[in-house]
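The values are calculated or read from the model by the stated rules, or taken from the named source; none is laboratory data. Values in this document were obtained by computation on a predicted structure and should not be read as measured data. When we count neighbours, we look across all protein chains shown, and the Cβ atoms used for this are built from the backbone with ideal geometry, even at glycine.
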Amino acid sequence: MAKVAKKAGWNLSHSYARLPEIFFTRIKPIPVRAPKLVIFNRPLAVSLGLDPEVLQGKEGVEIFAGNRLPEGAEPLAQAYSGHQFGYFTLLGDGRAHLLGEQITPDGERYDIQLKGSGRTPYSRSGDGRATLGPMLREYIISEAMHALGIPTTRSLAVVKTGEGVRREKVLPGAVLCRVAASHLRVGTFQYAAVWGDLTELKALADYTLQRHFPEYRNEANCYLQLYKQVIKRQAKLIAHWQLVGFVHGVMNTDNMTISGETIDYGPCAFLDTYNPATVFSSIDEHGRYAYGRQPDIGGWNLARLAEALLPLFHPDQEQAVNLAQEALAAYQPLYQEYWLAGMRAKLGLFNRLEDDETLITELLNLMERYEADYTNTFRALTLGETKSGKLFCTRDFAAWQERWQARLRQQRATKAEVLALMKKSNPAIIPRNHRVEEALAAAVERDDYSILENLLSVLANPYAYTPEQEKYAVPPPPADTPYRTFCGT
Ligand code: AMP
Ligand code: MG
């Protein structure tokens, strides 16, 4: 009797492909020469209902490379537009293919997308390809963000393509398999508003409500509700970023999701030294997307979303604008509320008092003045290790610490409870830029994935405070030139 091949567990559905045709182009990934699976996310595969054994074999490699389609796939490239550094452009998946939406054993729906899988009608002058370093980088940072408890797209696998990709020099090509609650972006709505008619815009909004906010579908002004929910999710997300010192680097409206997940790990990086003006991206010359500006940029992007949704808020434009402005006015206070709640937790505070914000701001000001490491300052406060270090040796800090201790006494919590709260609110480790670079260099230049695997394994439990994590908590040695990241490679 012939042996029946074990199935990978694909259970693909295609709700996005049922949208009006302007939203996508059906197109297959372009096969690559000699694919090799270099990293695979077992736990993620299992949670998606996929069989890791099958996917780590020949079938998986071919699927993740785009050389073969998984059972039931209907590949397409999505259309969108967006404001890039403030300028509006028509974009779309220029190097990505949505294979379908995997329905998990729990009944959840996740986009399965290949990135770096070849040209599409939206490629413009691009080659449709991606290089190994940046795809591994996305894998590391997105998985680290997930472990930190921050909503994010995930990374299921990276394959090397066996082909060279021409950049400043020829680099090894790669394809990343990205998993997302959806790839709907602020830019998808901007696209609908500019290139679609009202029926198409409405179809997109109805689809989004159904997919992400079904509980508001039947409400009176469901489109305004949709907008309010996106505002809320983004306020929460960006507060999360600020709390862990994450700099996204390219917060264009096409890189802001409707689901509230972090997306597009191009030039992102984590703060070492605390400074709100920190910019890592080589192309962000004017600091538009600096760490300290992220909350405001979030608001700017949400205003662009409102502009796209206006005709759905109210038939009368003036009334629509009023509704939008009223909704958007909630963003800043909401952000502040999430951020303050997170900061209180970082300092072990359970209750809220009027002066908490001042206490927090004073600490941040001292961190900036004395060039303290962001993550390690909170780590040291958590562990009570504030004896040595530039900041901790100052009188200013001693005075602040006294105020903090006095504030801690204004609540009922025990020392153990304070410690537990601080430990779960202050990561012991983050993906330090120099550690990420070290792992990428070994993988890309020497085909050695051991450093990357080790890094991934410590980053999987950032709040564990284990001895193995200690060496990963050490900041980089002082450098003559600031750390720089590069986009779109
Ligand atoms: P990003 O900066 O990664 O958000 O990309 C901005 C836009 O450029 C998106 O529409 C991408 O699909 C497109 N893009 C980036 N790199 C390439 C490439 N190598 N080939 C084709 N399109 C690309
Ligand atoms: Mg993008």
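Close contacts from the stretch 316-344, counting a first residue that is more than 29 Å from ILE360 (Cβ to Cβ) and a second that is part of a helix (DSSP H, G or I) and among the charged types (D, E, K, R), with Cβ to Cβ under 9 Å and a gap of 6+ residues or different chains, come to ALA324/GLU307. Looking only at the stretch 259-277, residues that are within 14 Å of ligand 2 (Cβ to nearest atom) and either part of a loop (DSSP other than H, G, I, E, B) or touching a Lys or Arg at 6+ places or on another chain (Cβ under 7 Å) (or both) come to 7 in all.
Residues are listed down the side, and each one gets a yes or a no for (1) in the same structural domain as TYR223 (by TED's automatic domain parsing); (2) touching a Phe, Trp or Tyr at 6+ places or on another chain (Cβ under 8 Å); (3) under 26 Å from PRO475 (Cβ atoms):
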| residue | (1), (2), (3) |
| --- | --- |
| TYR331 | yes, no, no |
| LEU347 | no, yes, yes |
| ARG352 | no, no, no |
| THR358 | no, no, no |
| GLU362 | no, yes, yes |
| MET367 | no, yes, yes |
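Tallying residues that are under 15 Å from PHE270 (Cα atoms) and of a type in the set (Val, Ile, Thr) within the stretch 430-489 yields 4. Scanning the stretch 65-88 for residues that are in a loop (DSSP other than H, G, I, E, B), surrounded by fewer than 19 Cβ atoms within 10 Å (Cβ to Cβ) and within 22 Å of the chain's Cα centre (by Cα) yields PHE85, GLY86.
Among the residues that make up the stretch 240-247, is at least one of them under 21 Å from the mean Cα position of the chain (by Cα), away from ligand 1 (no atom under 16 Å from the Cβ), in a loop (DSSP other than H, G, I, E, B) and modelled with pLDDT of 95 or more?
Yes - at least one qualifying residue is present in the stretch 240-247.
Let's see how each residue does on (1) away from ligand 1 (no atom under 16 Å from the Cβ); (2) touching a residue at least 60 places away in the same chain (Cβ under 8 Å):
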| position | (1), (2) |
| --- | --- |
| LEU198 | yes, yes |
| PRO214 | yes, no |
| ALA220 | yes, no |
| ILE231 | yes, yes |
| ASN252 | no, yes |
| THR257 | no, yes |
| GLY266 | no, yes |
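The set of residues in the stretch 349-388 being touching a residue at least 60 places away in the same chain (Cβ under 8 Å), under 18 Å from THR273 (Cβ atoms) and not in a loop (DSSP other than H, G, I, E, B) consists of LEU364, MET367, GLU368, ASP373, TYR374, THR375, ASN376, THR377, ARG379. Looking only at residues of the stretch 334-348 that are part of a helix (DSSP H, G or I) and not hydrophobic (A, V, I, L, M, F, W, C), we find that the one that is nearest to ALA420 (Cα to Cα) is LYS346.
Working only within the stretch 235-258, note down all residues that are farther than 20 Å from VAL279 by Cα and within 16 Å of ligand 2 (Cβ to nearest atom). Of everything in the stretch 235-258, those that are farther than 20 Å from VAL279 by Cα and within 16 Å of ligand 2 (Cβ to nearest atom) turn out to be THR257, ILE258.
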